């Protein structure tokens, strides 16, 4: 009787030990800048992201990691991203690292290191997700979305302006159409003198054109990087933004 | 050798060992206390950052929903309480109070579609969410430091040294139960 109770509690204890060690070991090891654990990226987009990450590291010392996983449970995506960031140590001694984490069960999280927070504030991080990532992720074009996001972040970090669309949410369609209507009216009234291109003033209707990633410079064909040397030990404090889709 | 010399030497050796271990423990405690203070400064930084974001957010919401004065007043009160807090327990409950006031402010976007679609509102929401994540991270690190400190000063023989230097158990950053009460919803 007593013995049986002891056996049961011992069993539970062992089970607990197993699950807790499992939870501890849930974080994967880094394979490089691109870690497609969920196997959802095509070869071309992998190569493109790799180029962006290498350029970023060479020119500015910023480490960019792209990770896809099928799920993040038992952790929620944000906690997973923060732990992964600090476990891997993305970013050099100045904590200048970015982690783009895509969980194919419907979550995208971008985590910025302490050293990046100033140049890449959370609002901007979120806007890039909304405009460059989500439209593709919703169509399951994970590779393309990640390439677009990575190149936008790289451009922002290189000092370029990222144009935030005025309305980037559902339910505001009438606002955009009204703005377009207004633009047409102005256009008609102004006649020929309306400058082509419009510039920044265009409210709502304006399309943001993102020049796809930097492709200049020599291709790193057959580069002699013997294996991945690991990240530089950067830390993050939970900054960044995320979305569910 | 005389017997008394042997006794003297052994006493000296024991004293030396004792003194070095006390010094070691003392230094360890000082280090731990510093790390708790450093972690706390980080938490305060993030709380300050959160408080700094609020005026902008409120102004944006006011642009679309100017007559929801009750909500704005609640947020302003909660923010003032957060800025006035000067110990972890107070700050934690003020922060929890701000959670619920901000929740009501953000919920306004459900009744004002234009607000929900406003890109600066979306950006501010991102900033706010990021700050909340940062608070959560720094809070975790602070609480870990406090836990180490609290455990160390209770262990023997460190507790003697801690007692001597007046080290006391520190409080965690966690909200008192009263601060977590469910906000009343009135229709």
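Derivation of every value follows stated rules applied to the coordinates shown; laboratory data play no part. Predicted model only: the values in this text are computed from it and were never measured. No Cβ is skipped: glycine too gets one built from the backbone with ideal geometry, and neighbour counts run over all protein chains shown.
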Against the longest alpha carbon principal axis of chain B, how many degrees, from 0 to 90 and to the nearest 10, is the axis of helix B:69-84 turned? 20
Mind jotting down the distance between the C-alpha centroids of region B:117-136 and region A:24-85, whole Å? 23
Could you tell me, in Å, what Rg and Dmax come out for the Cα atoms of chain B? 25.3, 96
Stretched fully, the stretch from residue B:8 through residue B:30 gains (0.36 nm per residue minus C-alpha distance, one decimal, in nm) 4.7 nm
Pulled fully out, how much extra length does the chain show between residue A:235 and residue A:38, if you take 0.36 nm times their separation in residues and subtract their Cα-Cα distance? 68.5 nm
Principal-axis tilt of helix B:3-64 within chain B, Cα atoms, nearest 10 degrees: 0
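Only counting other Cβ atoms within 10 Å, I'd like B:25, B:3, B:155 sorted with the fewest neighbours first.
Sorted ascending by nearby Cβ count, the order is B:3, B:155, B:25.
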If you take the beta carbon distance between residue B:168 and residue B:114 as r and set R0 to 41 Å, what does 1/(1 + (r/R0)^6) give as a FRET efficiency, to the nearest 0.05? 0.15
Virtual spin-label span in nm between residue A:94 and residue B:154, 7 Å along Cα→Cβ: 4.4
Note down the nm distance, to one decimal, between modelled labels 7 Å out along Cα→Cβ at residue B:87 and at residue A:59. 5.3
If one compares the long axis through the Cα atoms of helix B:119-154 with the longest principal axis of the Cα atoms of chain B, the angle in degrees, nearest 10, works out at 20
